[in-house]
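Q: Could you have a look at this structure, given as structure tokens, before my questions?
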Amino acid sequence: MTNATNATNETNATNVVIVGAGPTGLTLACGLARQGVAVRVLERATAHATGSRGKTLNPRSLEILADLGLADALAAVGRTHLPFHKYFEGAFVNETEPFAGVLPSAATPYPASRWLHQPQLEQLLRDRLAELGVTVELGAELVDVRQDADGAEAVLADGRRIPAAYVVACDGGRSTVRKLLGIPFVGEGDPEPMMVCGDVEVEGLEAGAWHQWFGPEGVFMLCPFEDSPRWQLQASPETDADGTMVPPSLESFQRLATRHTGRDDIRLSNATWLSTWRVNVRMAERYREGRVLLAGDCAHVHPTAGGLGMNTGIQDAWNLAWKLGYVVRGLASPALLDTYQEERLPIAAWTLDVTSSGMAAVVAGIDTPGIGVEAGGVGDFTGLSLGYGWSSLAGDGATAALAAGDRAPDAPCPGPDGGPGRLFEHFAGDHFTLLGFGPGARAALTGLPDGLPDGLPGHVRPVALDDPDGEARRAYGITGEALVLVRPDNHIALIAPVTAPGEVHSYLERLGAEV
Ligand SMILES: Cc1cc2nc3c(=O)[nH]c(=O)nc-3n(C[C@H](O)[C@H](O)[C@H](O)COP(=O)(O)OP(=O)(O)OC[C@H]3O[C@@H](n4cnc5c(N)ncnc54)[C@H](O)[C@@H]3O)c2cc1C
């Protein structure tokens, strides 16, 4: 990486260049474009990826995507309930369903993961991005990043140079940007693939379940997708007489299917994606180098147990989007960007730990009848309990139910138009929300704009909660009166007495302070 120069051949004012149009880059782009930030999304590939890869959106990701305006679109694709059919040495053992009986509640509208394939999500995100006026630039490979005190510059393989205030690397586990920055990717990885994977069509198998064959010879799994003839295949690799791995192919997949299932009526065809997967447990030593930031797989890779890869990337992007937007729009100091690493790097460390333990549990149980992938669920894979209590952005205050830094729960309440609604409708957008519990909060809500830093009054939405049924009080653990400031990413900034609105002002003032 070298310094930015003045010699650039693209001069339109780009605030942020995003490198990589996977789920992380697309979520970030939507979050920034929604704020009016001028963003460009560069994608090296010349066509959008079609391999199924990630297949679950966890509850926290669903909340984020709903906030971005995708709730209805997501409800129309994929499915919520997918039973697991587990077999041992070819014989059916049992059926389980990880989210059986899990129902939405007042505080948690999306309590269960949604099953869909990653290209479906990426298409929805691209459509949303297009509504916001941004199109992914295909065939745009970044080969260098330059920066100095005044700006950054993305250098493309075709010679184009794009100046921007910031560059965000969402370019996957083998990230070019991370390597250019010299940021160590700390951890370990297996040299040999542990799994082969691919997308195939399947005859002879009921498409209402994820079929998982386990046994001393390894694993063979076929997961169907709603709205698609394709299934995702994941299996222990086939080896030849010398013990060498046979590269993935339809023929090899068919031999594996026949051997693990003991059936010759299961026929595979039309393999549209063939790949291998190695165990890699690594994370970037830091997430920011001046004007360049890292997010998603570029910042962390880990076992697939629990399905957290795509979800963690989406949640990185969500944490970063409002912060970068506020900095670019002059609403906050660039120091706010340091809280991105402060908050998300410990989450990556936790993710590496729980997914490694989860993968070890699956591997240990491989020759135990009835074991399936849910053995890997050793942590909170919903994402709902993940907060940032340790962060310098977590202000004071705690209740019996939650504390500053935690995810702000949903609850029924009058909506923004005065009719029946939910807190999440008030939170949706790039603003802070100040919840006032009790009549004593009204004065603080009305007087809120007085004395706020320039620009911020329009970015703090006051909401007086009458809460006759006490749903919001229960969710927030508040019995009397209180002010709760909620960040744009729907985490609690602080909880203050209604008699101390100055605490809210001081908190917001700190956003603009250079530290
Ligand atoms: C078999 C399998 C199953 C999985 N199951 C799950 C699951 O159930 N749940 C889950 O959450 N996750 C799952 N994952 C993981 C998930 O697919 C990844 O974590 C996710 O794709 C990461 O998203 P990303 O946007 O960070 O990176 P990527 O999706 O890797 O996107 C990076 C993009 O950057 C582009 N790029 C790279 N270099 C450059 C460059 N120099 N210039 C421009 N563009 C560049 C690439 O072409 C790519 O499009 C699974 C993965 C696999 C393989």
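Here, each number is a calculation from the coordinates, and none is a lab measurement. All of these numbers come straight from a predicted model, not from anything done at the bench. Neighbour counts are summed over all protein chains in view; Cβ atoms, including those assigned to glycine, are modelled from backbone coordinates with ideal geometry.
Q: Determine the relative contact order of the chain: mean sequence separation of Cα pairs under 8 Å and six or more apart, normalised by residue count, in whole percent.
A: Relative contact order for the chain comes out at 16 percent.
Q: Hey, another quick one. Among the DSSP beta bridges whose two residues both lie in the chain, what percent are antiparallel, rounded to the nearest 5?
A: Antiparallel bridges: around 75 percent, rounded to the nearest 5.
Q: Give the lysines reachable from K323 as a straight Cα distance under 30 Å; neighbours fewer than 8 places away on the same chain don't count.
A: Qualifying lysines at Cα under 30 Å: K55, K179.
Q: I've got another one for you. Return Y507, Y388 ranked ascending by Cβ neighbour count within 10 Å, so the fewest neighbours appear first.
A: So the residues, fewest neighbours to most, are Y507, Y388.
Q: Using the per-residue mean of other Cβ atoms lying within 10 Å as a proxy for protection, in what order, highest first, do the peptides 174-180, 264-270, 468-474, 218-224 fall?
A: 218-224, 174-180, 468-474, 264-270
Q: Quick one: in region 412-511, what % of C-alpha pairs are over 20 Å apart?
A: Result: 31 percent of Cα pairs exceed 20 Å.
Q: Positive end of the charge dipole of region 349-441 (Lys, Arg +1 and Asp, Glu -1 on Cβ, about the Cα centre): tell me which of F437, T351, G418 has its Cα farthest that way.
A: F437
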